[in-house]
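The values are calculated or read from the model by the stated rules, or taken from the named source; none is laboratory data. Everything numeric in this text was worked out from a predicted model, so none of it was measured. Please note: Cβ atoms are built from the backbone with ideal geometry, for glycine as well, and neighbour counts cover all protein chains shown. Note: accessible area is taken over every heavy atom of the protein model, side chains too, but ligands, DNA and RNA are not part of it. Shrake-Rupley method; radii C 1.70, N 1.55, O 1.52, S 1.80 Å.
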Amino acid sequence: MGARAVKAGYKGGRCKTAKGRPMDKQIYILNGPNLNLLGRRQPEIYGGETLEDVLARAGGVAKALGLTVRGLQSNHEGELIGWIHEARDKAAGIVINPGAFTHTSVAILDALNAFDGPVIEVHISNIHKREAFRHHSYVSLRADGVIAGCGTEGYDLALRRLATLLA
Ligand code: CA2
């Protein structure tokens with residue numbers, strides 16, 4: 001399965017609308033490996049919503065906060081890194097659930113360190129209540145905030161925090 005992209009309210013890269021109104025700030029919501037299976041397996045851990053459900057709701061939350069979102073998912077580390085590089089020019093902030101790359105990827109950490117805006121790390125499950133190998137996150141060394149164990153609502157909470165940080 002290749003990349004998934006869900007756009008919600010995206011209006012392009014310019015800073016002003018045609019009528020001169022300031023453009024809403026864009027947030028990249030990045031999701032790592034296997035999160036395309038959300039809602040289809042292991043609902044006892046990750047809940048019953050699909051990733052499309054989660055990103056659609058996040059788009060509504062973002063709109064109410066004066067933000068737009070670009071939701072993306074990939075099973076490939078390099079593709080996620082490419083989107084983080086792209087976010088340097090196109091996004092004001094990043095919400096990232098790196099999936100299992102959380103616990104292994106210095107490369108994703110390095111890419112996030114090259115992004116200037118705020119970064120919020122989200123985990124649907126409480127990684128600290130799970131196996132020891134999930135307790136360490138490379139991404140947390142860069143993240144401005146970490147949300148874990150709040151279910152898929154964590155994405156909405158992350159957007160609220162970004163709205164505060166970007167105000
Ligand atoms: O709790 C989280 O959000 C995680 O980032 C999810 C990752 C896991 O490796 C992290 O330790 C914690 C796994 C995502 C797998 O998602 C699935 C969803 C439904 C069915 C199967 C996998």
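If only the Cβ of Lys and Arg carry +1 and only the Cβ of Asp and Glu carry -1, the dipole of the chain around its Cα centre is close to 660 debye. Amide H contacts under 5 Å for Lys25: Thr68, restricted to partners 5 or more places along the chain or on a different chain, H placed in the peptide plane at 1.01 Å from N.
If one takes the longest principal axis of the Cα atoms in the chain, at what angle in degrees, from 0 to 90 and to the nearest 10, does the Cα axis of helix 51-64 lie? Around 40 degrees separate the two axes. Pairwise Cα distances in the chain exceed 19 Å in 52 percent of cases.
Taking one quarter of the surface of the C-alpha convex hull of region 76-167 gives a mean projected area of 5.5 nm². Computed from the alpha carbon positions, the gyration tensor of region 58-110 leads to an equivalent ellipsoid with semi-axes of 23, 12, 9 Å, biggest first. Do the sum for the chain: with -39,500 (n - 2.57) for every DSSP H run of n ≥ 4, divided by all residues, what is the mean residue ellipticity at 222 nm, to the nearest 500 deg cm²/dmol? Taking each H run of at least 4 residues, the total per residue is -9500 deg cm²/dmol. Counting only protein chain heavy atoms and rolling a 1.4 Å probe, the accessible areas of Glu44, Glu131, Glu49 rank, largest first, as Glu44, Glu131, Glu49. Sorting Glu153, Glu77 by accessible area puts them as Glu153, Glu77; the probe is 1.4 Å, largest comes first, and only protein heavy atoms count. Couplings 3J(HN,Hα) for region 65-80, derived from phi with the Karplus relation 6.51 cos²θ - 1.76 cosθ + 1.60 (θ = phi - 60°), are 9, x, 10, 10, 10, 10, x, 9, 9, 8, 8, 10, 4, x, 5, 4 Hz, where x marks Gly and Pro.
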